[in-house]
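The structure appears right after this line, and notes come after that.
FYI, it's all coordinate maths here, none of it is from the lab. Just so we're clear, the structure is a prediction, and the values are computed from it rather than from any experiment. All Cβ positions, glycine included, derive from the backbone under ideal geometry; neighbour counts span all protein chains shown.
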């Protein structure tokens, strides 16, 4: 009896001491709802930022793919370009790009406020703008780094740095403002028409892919890529396992890229995970079979590109197409990427890693597919809007990038000299080798 | 003294080393080389573009022996390394003017 009395007293005293002096919060349905909403908001932050980590890690994937598919004597340069794409891209997007893409947009063509993250009100204000910036920053950097692969092994580093800054400061955000501005404070003309591009088949990948095309054209092909009789000569990559690891990292990162674009921690991410994975898998399979048919052997480079093509292809429609549709979208991407690589090569446009085919061509296909396979039904209006978006992206990105590259070429120079290219861009632009203990024969 | 240079298929190196060991040959130098003789190259394909690989990876084994041993060594190399298929390689014999063991300063036949 005495023990029980003491226990009871303790049980009553401790909570009184703990909560003594604090407001008593009445539990009503309103305060309950507020608490639940707060939990959901916090979950949104966590999911969005975890997804941002996954998309950031795709930078490592791009670096591995690009390096694996190019020669050992260019590996340092590729690493520098990838490092700077993310670093300069982050700064450019902080200073200028984010404001253009998501700032108040009266005309529907570009945002006008929020430069240098001025939209953040300080440590006591709502930090959502910071989380959103972080997520969007890694997306912008993805678009920028697509280009470095197509321009590998022959680009002047200074020229590339200028381009890299401009992509995240201007080219990417302007188109982004047309399609995604209303995700924050903006509003774009394209999204106003109902343009579907959930995670960026066009906004990120086609923008990057068409800029890559412009770069590859202005640069010209690597020495020895096309023979005197116009034949296409192989310049094999120096590390296939590295390229493969890169693709796996990108595939993993895409699980942040697509489902993360909900920026909401709820069950809608489940279907997006599934469509993403199925499209990648079918992309790899169908690229493999296509290369098998065309070249008599299943080709590793094409199969790897196929997985990426499937991922790019589903990025627009990952939230509004069914898993079954995703398999078809991926399969078509896989077939398309192989044909595209061959066609672009035959046009004597040298794209060492297939960036234009994977991101430009399959980005366009993925955007169209989001309309064709729309679960609510494909309508003429939807399909027309998709086509307008695809066209606008090409005109904007290819056009502006082409002009930019031409200006760079005419001022500081875009391509290294013939002698420098034979020696290797690592030594001439960076004064060092990637593999110092190895004798690389080229 | 003569230098024996044998260019052989890479996977035959262990057999050659053992064979020469049986003859009491105590030293050799190898290098990774590429080459072709009458064995033609083959075509490979990379991202849809065909390319011809003319130079096949080989191993070059060099060893310096007493002149009297040359025929025995050639015989031993042939029996260890010969497969009968194209690309088996070649053996070259050249005269050596002088040999010196760096550690002790011994010269010529005392050094091999």
task = Determine, yes or no, whether residue A:132 is in contact (Cβ under 8 Å) with a residue 24 or more places away in the chain and surrounded by fewer than 24 Cβ atoms within 10 Å (Cβ to Cβ).
result = yes
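For every residue, the table says whether it meets (1) in contact with a strand residue (DSSP E or B) (Cβ under 8 Å, 6 or more places away or on another chain); (2) within 14 Å of chain B (Cβ to nearest Cβ); (3) within 30 Å of residue A:376 (Cα to Cα); (4) not in a helix (DSSP H, G or I).
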residue: A:199; (1), (2), (3), (4): no, no, yes, yes
residue: A:204; (1), (2), (3), (4): no, no, yes, no
residue: A:238; (1), (2), (3), (4): no, yes, no, yes
residue: A:265; (1), (2), (3), (4): no, no, yes, yes
residue: A:271; (1), (2), (3), (4): no, no, yes, no
ask   = Checking residue A:402 against (1) out of contact with any helix residue (DSSP H, G or I) (no Cβ under 6 Å at 6 or more places or on another chain); (2) buried (at least 17 other Cβ atoms within 10 Å of the Cβ); (3) within 22 Å of residue A:215 (Cβ to Cβ), which test does it fail?
value = (1)
note = Of the candidates B:81, B:73, B:52, the one satisfying the condition of being without any contact (Cβ under 8 Å) to a residue 24 or more places away in the chain and touching a strand residue (DSSP E or B) at 6+ places or on another chain (Cβ under 9 Å) is B:52
ask   = So which residues in region A:411-422 are assigned to a helix (DSSP H, G or I), touching a residue at least 24 places away in the same chain (Cβ under 8 Å) and farther than 13 Å from residue A:221 by Cα?
value = A:422
note = Within region B:1-46, the residues that are more than 13 Å from residue B:63 (Cβ to Cβ), without any contact (Cβ under 8 Å) to a residue 40 or more places away in the chain, surrounded by 15 or more Cβ atoms within 10 Å (Cβ to Cβ) and under 14 Å from the mean Cα position of the chain (by Cα) are B:35
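Conditions (1) surrounded by 24 or more Cβ atoms within 10 Å (Cβ to Cβ); (2) within 13 Å of chain B (Cβ to nearest Cβ), marked per residue:
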residue	(1), (2)
A:290	no, yes
A:298	no, yes
A:315	yes, no
A:326	yes, no
A:375	no, no
task = For residue A:108, state whether it is touching a residue at least 12 places away in the same chain (Cβ under 8 Å) and surrounded by fewer than 17 Cβ atoms within 10 Å (Cβ to Cβ).
result = yes
key: Options A:358, A:338, A:342: the member that is over 20 Å from the mean Cα position of the chain (by Cα), surrounded by 24 or more Cβ atoms within 10 Å (Cβ to Cβ) and within 14 Å of chain B (Cβ to nearest Cβ)   = A:338
request  = Name, by its number, the condition in (1) farther than 25 Å from residue A:369 by Cα; (2) within 12 Å of another protein chain (Cβ to nearest Cβ); (3) crowded, with 20+ Cβ neighbours inside 10 Å that does not hold for residue A:246.
outcome  = (2)
inquiry  = I'd like to know if region B:57-77 contains one or more residues that are more than 14 Å from chain A (Cβ to nearest Cβ), in a loop (DSSP other than H, G, I, E, B) and more than 30 Å from residue A:345 (Cα to Cα).
reply    = yes
request  = Only residues that are more than 8 Å from every other protein chain (Cβ to nearest Cβ) and touching a residue at least 40 places away in the same chain (Cβ under 8 Å): list them for region A:300-309, please.
outcome  = A:300, A:304, A:305, A:307, A:308, A:309
query = Just to be sure, is residue A:67 part of a helix (DSSP H, G or I) and touching a helix residue (DSSP H, G or I) at 6+ places or on another chain (Cβ under 6 Å)?
reply = yes
query = Out of region A:212-234, which residues are touching a residue at least 24 places away in the same chain (Cβ under 8 Å) and within 13 Å of chain B (Cβ to nearest Cβ)?
reply = A:221, A:222, A:225, A:226, A:230, A:232
ask   = Right, residue A:185: within 14 Å of chain B (Cβ to nearest Cβ) and surrounded by fewer than 21 Cβ atoms within 10 Å (Cβ to Cβ) or not?
value = no
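The rows are residues; the columns are (1) in contact with a helix residue (DSSP H, G or I) (Cβ under 7 Å, 6 or more places away or on another chain); (2) within 30 Å of residue A:51 (Cα to Cα); (3) crowded, with 22+ Cβ neighbours inside 10 Å.
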{"position": "A:199", "(1), (2), (3)": "yes, yes, yes"}
{"position": "A:205", "(1), (2), (3)": "yes, yes, yes"}
{"position": "A:216", "(1), (2), (3)": "yes, no, yes"}
{"position": "A:233", "(1), (2), (3)": "no, no, no"}
{"position": "A:254", "(1), (2), (3)": "yes, yes, yes"}
{"position": "A:277", "(1), (2), (3)": "no, yes, no"}
